[in-house]
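Here's the structure we're looking at; comments come further down.
The values are calculated or read from the model by the stated rules, or taken from the named source; none is laboratory data. All values derive from a computational prediction rather than experimental measurement. Positions of Cβ are backbone-derived with ideal geometry, glycine not excepted, and every protein chain shown enters the neighbour counts. We work out accessible area using only protein heavy atoms, side chains counted, and drop any ligands, DNA or RNA first. Shrake-Rupley method; radii C 1.70, N 1.55, O 1.52, S 1.80 Å.
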Amino acid sequence: MIRERAYPVEPWHVRETRLDMDVLAQSESVFALSNGHFGLRGNLDEGEPHGLPGTYLNSFYELRPLPYAEAGFGFPESGQTVVNVTNGKLIRLLVDDEPLDVRYGELLSHERVLDLRAGTLHRELHWRSPAGRDVKVRTTRLVSFTQRAVAAIHYEVEALEGPLRLILQSELVANEALPPQSRDPRVAAVLESPLQAEEQLTTDDGGLLIHRTKVSGLRVAAQMAHDVDAPERTTMESEGYEDWVRTTIGCVLKPGQKLRVVKYLTYGWSSRRSLPALRDQVGAALAAARLDGWDGLRREQREYLDTFWDAADVRVEGDPEVQQAVRFGLYHVLQAGARAERRPIAAKGLTGPGYDGHAFWDTEMFVLPVLTYTQPGAVRDALHWRYSTLAQAQERARTLNLHGAAFPWRTIEGPESSAYWPAGTAAFHIAADVADALRRYVLATGDQALEEEIGLELLVETARLWRSLGHHDRSGRFHIDGVTGPDEYTAVKNDNVYTNLMAQRNLLTAADCAMRHRDQALDLGVSEEEAAAWRDAAHSMHLPYDPEAQVHGQVEGFTRLQEWDFEHTPPEKYPLLLHYPYFDLYRKQVVKQADLVLAMHWRGDAFSDEEKVRNFNYYERRTVRDSSLSACTQAVMAVEVGHPELAHRYLREAALMDLHDLSENTRDGVHMASLAGTWLALVAGFGGLRDHDGTLSFSPRLSSRLSRLEFALQWRGMRLRVDVRPHQTTYSLRNGGADTVLTLRHHGEPVRVTAAQPVTVPVPPAPPTGPPPEQPPGRSPLMHLPENLS
């Protein structure tokens, strides 16, 4: 955990004013740059010291066996692990004969700045060598949003005294040695030297490396070139071997003189293209980058982000830390998906190797809702990626003796990569999560072409899964047995409410879609009888309810289970999964993360207001938030049930998850779903956004600490801006003609918004509520972050 504020609070920057070796790995994740195609961890330019080196290409992985003490039928046999590919960030500097290394000599100043509007990581340091020679180094790094394969580094050295002999060594290095990982199962497996050399080339100003993974057979190419601005008598030469290429630049600087180098990097990979084709691909990308030059790349980056922020920015008044954090979160979510282009958005994006680089259900239920309303093109690509894995999901269903498609709990390319059945394969709700992401995207964009192209088939195959997985009892009620919901501490149970409600919506959405596209549905074998069976199952869906406690059971029988002994669970025993056997967790009332509360967010139309209050109060006392996915959902529902102050505390926990390393695992990459969850906590929580019936609905209500919340949404080609104040809310359309009209609901009442005139409506007084519910002892939100750091 970062126990002191590492980053001063600024609205558009994340600034590190001193280099703290104890949290170096965490800062490498925070300062990671990506565009969805490839990502560079925020390692120091000189490569050492480092916490965890990392350069990642989306979906570039190696296969590894999944070990079992006892194998069983249907167990996945191999897993996929993201590979740390060729490192092109390395630029080493020798000052006279001393290598620049911040562990030696004197580091007189050091600052790094992630600029959220410019899309760059800037570093500036003043270093005195052990021999007493002073230099200033300024570097700026970017991963281009507009040129998908391109990164660039502007490296400047200034001599403060002289003459100084400088040797700059710029490198491409494959098969870097990685530090050992922890015993935490959420941390990635380490693969030693996963790349086999295929080709190495050098030029006067750079070089090329091409490698191939040993088992998965994926080919990767990395190329670099340099532009140099230096005094006369500057030398430059390149040399290379199987796993590294080095370009060396030498010069002598007088006091005040500067050496400037622009390093261009390009990456490409393929499972199908030949070596010559991949070589040409990265070479062409390099030529395009040099054609624009450093200034052109920076200009394109700023223009791209200006457009994004104009449509997606969230403005918060009253909590400057949350303002910084929500922009930081939006920036990382954008980086994860902007140029993924039919590849997955992983739980850590491309910022670290955590979770082996896998994508989970939280992509569909946390990240894609944010992108649906801010960057919908990225959602279209993410849905196409899921569709590309449909054949594997159908095969998985057949292996499990089911119909339809069983999407994987965790994966990179499509096959199930979880070796733990109860928290992997049994989490069938992923099918409904995919369907819901599709439903929301089509409603928000009106993209009927996508619905016809891939949407109908996704909905049909997921509906078939539910119809074969569930069954009607003798009273006609429909049950889904033996599944695991979002809460991984309650596994392989019957009638998980979240799963059942999401499946219900999936079944109804599929039936409606099949009726809209009857010819295509017939081509998929959907008869009227099958669609009717889906509707029947949906309308008969069983939801466990305890009439004595007057709450819904998270699963059938949950409320009768033994209570967890929270009083005698010390703080150091969290997260529980690292200190207690799953057997103990599964049979007691302890909740890892919001589950039934998550159902009340996404399927709030299935609960009365009174049920929401009782359910929230009941599960608050049993939810330990051992998952970074939980706080944002609890924030959303805390606002809805009348506890905005509690919601604000949960908002801050979600927002500061990585900036303060609250879960103590940011070193392995940022928590993409929690970063997206900051937006959800603000927009769906304090803004009250819901879309249950396909109509935009808002019930805004601020905490006492917030004086204003302003956010933008894209809806069916319209750009809506919502400006929430304590006692009123203004809705305005930022595009469209005079006849453009959007009808929405505000606290249940219809509001008609036109492009010609903003509409301001009052926020009704909050209904009376009781005291906020308590959390398990020691698990109150943000109790471990002192208020003087807040």
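For the pair segment 395-428 / segment 13-66, the C-alpha centres are spaced 30 Å from each other. A straight line joining the Cα centroids of segment 221-248 and segment 112-136 runs 22 Å. Surface composition of segment 546-673: carbon and sulfur atoms hold 48% of the protein heavy-atom accessible area at a 1.4 Å probe. Short-range pairs are left out: with C-alpha atoms under 8 Å and at least six residues apart, the relative contact order of segment 33-72 is 33 percent.
In order along segment 283-297, phi translates into HN-Hα couplings of x, 5, 4, 5, 4, 5, 5, 6, 4, 6, x, 4, 5, x, 5 Hz, rounded to whole numbers, per the Karplus curve 6.51 cos²θ - 1.76 cosθ + 1.60 with θ = phi - 60° and x for Gly and Pro. Normalised by the number of residues in segment 1-78, the mean separation of alpha-carbon contacts (under 8 Å, six or more apart) gives a relative contact order of 18 percent. By definition, a body whose alpha carbon gyration tensor gives a ≥ b ≥ c is prolate when a/c is 1.5 or more and a/b is larger than b/c, and segment 632-790 fits this prolate description.
Multiplying the residue separation of Thr769 and Glu548 by 0.36 nm and removing their Cα-Cα distance gives an extension gain of 77.4 nm. Between Asp227 and Ala177, the FRET efficiency estimated from the beta carbon spacing at R0 = 25 angstrom works out to 0.20. Average accessible surface for the chain: 36 Å² per residue, computed with a 1.4 Å probe over protein heavy atoms with every protein chain in place.
Summary of the geometry: segment 352-394 and segment 664-689, compared by the centres of their Cα atoms, lie 16 Å apart. Judged by the ratio a/c of the largest to the smallest principal axis of the C-alpha gyration tensor, segment 433-509 counts as prolate, that ratio being 1.5 or greater while a/b is larger than b/c. Each residue of segment 678-689 was assigned a 3J(HN,Hα) from its phi angle through the Karplus expression (A = 6.51, B = -1.76, C = 1.60, θ = phi - 60°), giving 4, 4, 4, 4, 6, 7, 7, x, 6, x, x, 5 Hz with x at Gly and Pro.
Summarising the amide proton neighbourhood of Gly79: residues at separation of 5 or more, or on other chains, whose placed amide H is nearer than 5 Å comprise Arg64, Leu66. Across the chain, C-alpha contacts under 8 Å between residues 6 or more apart give a mean separation that, scaled by the residue count, equals a relative contact order of 12 percent. Taking 7 Å steps out from each Cα toward its Cβ at Arg128 and Arg560 produces label points 7.5 nm apart.
For the residue pairs Lys89/Lys592; Lys89/Lys254; Lys89/Lys214, the alpha carbons lie more than 30 Å apart in Lys89/Lys592.
Convex hull volume of the C-alpha atoms in segment 17-106, normalised per residue: 160 Å³. For the chain, the antiparallel share of DSSP beta bridges with both residues in that region comes to about 95%. In this structure, the amide hydrogen of Gln589, modeled 1.01 Å from its nitrogen in the peptide plane, lies closer than 5 angstrom to those of Gln562, Glu563, Trp564, counting only residues at least 5 positions away or on a different chain. Estimated from helical segments only, the mean residue ellipticity of the chain at 222 nm is -8500 deg cm²/dmol, where each DSSP H run of four or more residues counts as -39500 (n - 2.57).
The modelled label-to-label distance between Leu275 and Glu70, using points 7 Å beyond Cα along the C-beta direction, is 4.8 nm. Using θ = phi - 60° in the Karplus curve 6.51 cos²θ - 1.76 cosθ + 1.60, the 3J(HN,Hα) couplings for segment 347-364 round to 4, 10, x, 10, 9, x, x, x, 6, 6, x, 7, 9, 10, 5, 5, 4, 6 Hz; x is entered for Gly and Pro.
How large a share of the accessible area of segment 704-790, in percent, is made up of carbon and sulfur atoms when the probe is 1.4 Å and the other protein chains stay in place? Whole-percent figure for carbon plus sulfur exposure: 52. Each label point was placed 7 Å from the Cα along the Cα-to-Cβ direction; for Arg614 and Arg18 their separation is 5.5 nm. Remark: the Cα gyration tensor places the chain in the prolate category, a/c being 1.5 or greater and a/b exceeding b/c.
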